[in-house]
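Each value in this text was obtained by applying a stated rule to the coordinates, not by laboratory testing. Computed from a prediction, not measured in an experiment: that's the story for all the values here. Heads up, the Cβs are rebuilt from the backbone with ideal geometry, glycines too, and the neighbour counts pull from every protein chain shown.
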Amino acid sequence: MLSDPVEGVFQNEGVLEVSVFNLTGELLKSQKRSDVRATKEDEGVRNRIFEKLRETASPFYLEDKTRWEFWSPVMSASPYLSEESLFFEEAPVQRKGRVIGFVKITLDKKMLDKRLHSLLFKSILMAIIFFVLGSAAIYLLVKGITKPLNRLTEGVKSLGKKGSVEKIPVETEDEIGKLAEAFNKMAESLERREAEKEQLERQLRHAQKMEAIGTLAGGIAHDFNNILGAIVGYTELAMLDVPAGTTLQRDLEGVMKATNRAKDLVQQILTFSRDTKQERKPVQLSLIVKEALKMLRSSLPTTIEFHQNIKTGSATVLCDPTQIYQVVMNLCANAAYAMKDKGGELTVSLIDVDIDSEAVMQNPELTPGQYQRLTVSDTGSGMDRATMERIFDPFFTTKAPGEGSGMGLAVVHGIVKSLNGAITVDSEPGKGTTFQVFFPTIQSEAASEPEHFAPPPVGNERVLFVDDEAALAAVGQEMLESLGYDVVARTSSIEALKTFQMQPDRFDLVITDMTMSNMTGADLAREIMRIRPDVPVILCTGFSEAISEEKAKAMGIRAFVMKPVVRREIAEVIRRVLDA
């Protein structure tokens with residue numbers, strides 16, 4: 001009956017001996033390994049062990065250098081635990097029944113130590129494995145967190161150094177992913193602001209350039225008008241001595257036409273470079289367009305074939321002629337640029353058109369009525385739709401740096417809009433471009449240059465003529481003397497003031513240039529009128545930002561004449577001032 005339990009215990013590794021005793025200490029069953037040497041036990045020791053087990057009913061063990069002996073009582077029933085004992089008793093094991101015997105199990109200490117070492121080794125190995133796995137997991141986790149953060153850090157550094165950064169990929173939807181997305185939006189916003197800043201800087205540079213050009217143009221206009229004044233004056237004086245109908249008279253008239261064209265050119269230069277308010281008047285558009293094309297043809301390369309179809313005697317348009325020059329020149333210049341590499345054909349036409357309600361549906365910027373349609377077509381490189389949508393934007397250009405400011409078509413668009421007209425564009429890459437400009441017509445007759453058959457008005461009053469250019473002072477004196485006036489000419493405003501101070505009642509009229517050294521014409525007029533308030537003053541100028549016709553009249557100056565001075569014009573102005 002005891003063989004099976006004893007055998008079951010004995011089969012465990014490290015068990016050297018199993019012995020079962022009855023209550024009196026008699027050996028009932030014993031089994032030991034064959035290689036285990038028998039040990040002689042002290043009878044007294046064994047009896048004390050049995051006595052202890054009977055009293056305590058609790059197992060214990062004995063130990064020597066090579067083995068452990070476990071002693072345990074054999075009970076008639078198994079111990080159990082009550083619910084109350086779990087909470088209230090210090091020794092919760094309740095034993096029912098009585099001791100009926102004893103069991104001794106002897107274990108090999110070396111084997112147990114070996115198993116202990118093996119268990120310890122396995123525990124250490126498992127700890128190392130778990131440590132490595134945990135470290136790897138932590139590394140991957142930290143890497144998953146730090147890698148996006150490092151990208152963000154590098155992006156911030158790059159943004160600080162270069163001012164731009166590549167978009168950081170958003171790989172997750174967690175907080176780091178949201179942070180990367182926010183950073184990308186911030187970078188895009190900064191790039192947009194940087195682009196806007198560069199655009200504003202370009203506009204500022206262009207504005208400064210235009211201001212410098214305007215200042216330069218003012219100086220050129222002044223000097224050029226002085227040169228033209230001498231040419232006009234001497235030509236008119238020469239024409240007084242030339243018999244009518246001769247070849248010389250026709251040649252001199254040609255010189256006068258050329259100088260008038262040069263005078264208009266100066267006004268164009270000033271208009272291009274300054275925001276100059278021009279007076280609109282009824283004009284025959286065909287004459288302006290023909291004149292602009294005449295100036296343009298000489299500047300076109302021989303690779304461009306030029307065609308024009310301008311209807312003569314076209315309707316009247318209320319506009320500033322100089323602005324029409326701008327429209328024609330800008331459109332044709334763009335067309336020529338589009339054909340600069342391969343050449344082509346440039347065609348300009350001007351016809352009368354009637355815009356009805358159906359046409360207005362296609363172009364809502366127009367209203368039904370009579371228009372003049374200016375068409376400028378080229379066979380150049382053409383444009384795609386994206387470019388066509390932006391060509392009228394200020395500072396937008398497809399030209400290489402230094403070849404264009406991007407303001408030409410913007411200026412054209414502004415002029416056409418100010419005239420209540422419309423402009424359309426049709427283009428296709430590789431097939432050329434066509435611009436159509438619609439100008440509303442009016443019923444009024446076009447203003448024309450008066451043809452003077454009667455001689456200019458004359459007089460005999462005494463005039464003080466002042467100009468710091470010796471040639472202009474001389475030709476002005478001779479021109480006024482040819483009209484019958486008694487003239488004193490001075491080439492310095494200081495000398496002119498001294499002359500007037502010495503004999504203030506001698507002069508009936510003062511004619512002075514505006515731009516002079518030491519003292520301007522306006523300052524001279526102010527000093528003269530302080531001495532004698534009733535003396536009339538006529539102010540002549542080629543260009544000046546310091547004075548305008550309104551300012552001159554507010555100062556008490558009677559008339560304001562633009563250079564170059566024409567004999568008939570100055571004669572009529574003098575009589576109007578003196579006879580007032």
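Numbers for the structure displayed
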item	result
For the range 522-535, Karplus couplings with θ = phi - 60° (6.51, -1.76, 1.60), whole Hz, Gly/Pro x	5, 5, 4, 4, 5, 5, 5, 6, 5, 6, 9, x, 8, 6
Built amide H within the under 5 Å cut-off of Leu16, gap 5+	Thr106, Leu107, Asp108
Contour excess over end-to-end distance, with Cα ends at Glu495 and Thr146 and 0.36 nm allotted per residue	117.1 nm
Around Phe21: net Lys/Arg minus Asp/Glu count, Cβ-Cβ under 11 Å	+2
Interchain or long-range residues, amide H under 5 Å from Phe102's placed H	Phe21, Asn22, Val74
Among the listed pairs Lys290/Lys340; Lys147/Lys185; Lys281/Lys417; Lys52/Lys104; Lys29/Lys104, those beyond 21 Å (Cα-Cα)	Lys290/Lys340
Backbone HN-Hα couplings from phi across the range 357-367 [Karplus 6.51/-1.76/1.60, Hz, Gly and Pro as x]	5, 5, 5, 5, 4, 7, 9, x, 6, 9, 10
Förster radius 51 Å - calculated FRET efficiency between Met555 and Met295 (Cβ-Cβ, nearest 0.05)	0.85
Of all DSSP beta bridges in the range 280-442, antiparallel share, percent nearest 5	80
Long-range amide H partners of Ile304 with built H, under 5 Å	Gly344
The range 22-35 - phi-based ³J(HN,Hα) in whole Hz, Karplus 6.51/-1.76/1.60, Gly and Pro as x	8, 5, 7, x, 6, 6, 9, 8, 9, 9, 9, 6, 5, 8
Cα→Cβ-extended label distance, 7 Å offset, between Asp486 and Met186, nm	8.7
Unit charges at the beta carbon, dipole of the range 462-578: most positive-side option, Phe560, Thr491, Thr515	Phe560
Sequence ranges 226-234, 68-76, 21-29, ranked by mean other-Cβ count within 10 angstrom, highest first	226-234, 68-76, 21-29
Protection proxy ranking of 102-112, 319-329 - average other beta-carbon atoms within 10 Å, highest first	319-329, 102-112
Stretch gain in nm, segment Asp4-Asp264, where the contour uses 0.36 nm per residue and the Cα spacing is subtracted	80.2 nm
FRET efficiency estimate (nearest 0.05) - Cβ-Cβ, Arg250 to Thr312, R0 30 angstrom	0.80
Cα pair distances in the range 274-389, grouped into 5 Å bins until the bin that holds the longest one, percent each	2, 10, 18, 18, 18, 18, 11, 4, 0
Residue list for the range 329-348, given a label point 7 angstrom along the Cα-to-Cβ vector of Thr302 and an amide N cut-off under 17 Å	340-345
